[in-house]
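The values are calculated or read from the model by the stated rules, or taken from the named source; none is laboratory data. The shown structure was predicted, so the numbers you read here are calculated from the model rather than taken from an experiment. FYI the Cβ positions are ideal-geometry reconstructions off the backbone, even for glycines, and counts take in every protein chain you see.
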Amino acid sequence: MQWTRASVCRRACGAALALLLLAPAAARAQEAKDDTILLTIFLRHDQSKPLDQINAQLRQQGYYKKFPPSGIEVASWYVMMGIGQVVTLKVPASRLREVNRAIEQSAWGGYRTEFYPTYDYKAVAEEERRKNE
């Protein structure tokens, strides 16, 4: 095949058009991927109350129905003895308020709460370890 100025121009224009058409879809896919954050929540036990009293209050406030809100993925949920519970959620940024409200409406009184936006560092740490062996 012989390359002419016209054929090169057509190919370049075609490639540019394809990028223009595909870029919004790629950007939306990236936005959707980036929209999800990790949110670690410390649910610290109110040690002035026995566990049965805390659980009764949580049931009365609807905690077990409201938290986590439907459709929010739980990445981990641990009990830390002497502390309480540590929950890490995968939360679309647009639903952050919903998670906060679920805690405010149903967990306060049974737990003192702390929120920490987090990110997964495991792969980075493993790569650094491999580099530095």
State whether one or more residues within region 73-86 are surrounded by 16 or more Cβ atoms within 10 Å (Cβ to Cβ), of a type outside the set (Phe, Trp, Tyr), more than 16 Å from the chain's Cα centre (by Cα) and assigned to a loop (DSSP other than H, G, I, E, B).
no
Can you find a residue in region 26-40 that is loosely packed, with under 10 Cβ neighbours inside 10 Å, small (Gly, Ala, Ser) and either closer than 30 Å to Ser106 by Cα or modelled with pLDDT under 95 (or both)?
no
Being within 30 Å of Thr118 (Cβ to Cβ), charged (D, E, K, R), modelled with pLDDT under 95 and touching a Phe, Trp or Tyr at 6+ places or on another chain (Cβ under 9 Å) is the requirement here; does Asp46 meet it?
yes
Qualifying residue in region 108-131 (condition: surrounded by 12 or more Cβ atoms within 10 Å (Cβ to Cβ) and either aliphatic (A, V, I, L, M) or part of a helix (DSSP H, G or I) (or both)):
no
Does at least one position in region 93-106 carry a residue that is part of a strand (DSSP E or B) and out of contact with any Asp or Glu (no Cβ under 7 Å at 6 or more places or on another chain)?
no
Just to be sure I understand the filter: pairs with C-beta atoms under 6 Å, separated by 6 or more residues or on different chains, first member in region 36-65 and at positive phi, second member modelled with pLDDT of 95 or more. Which pairs pass?
Gly62/Ser106
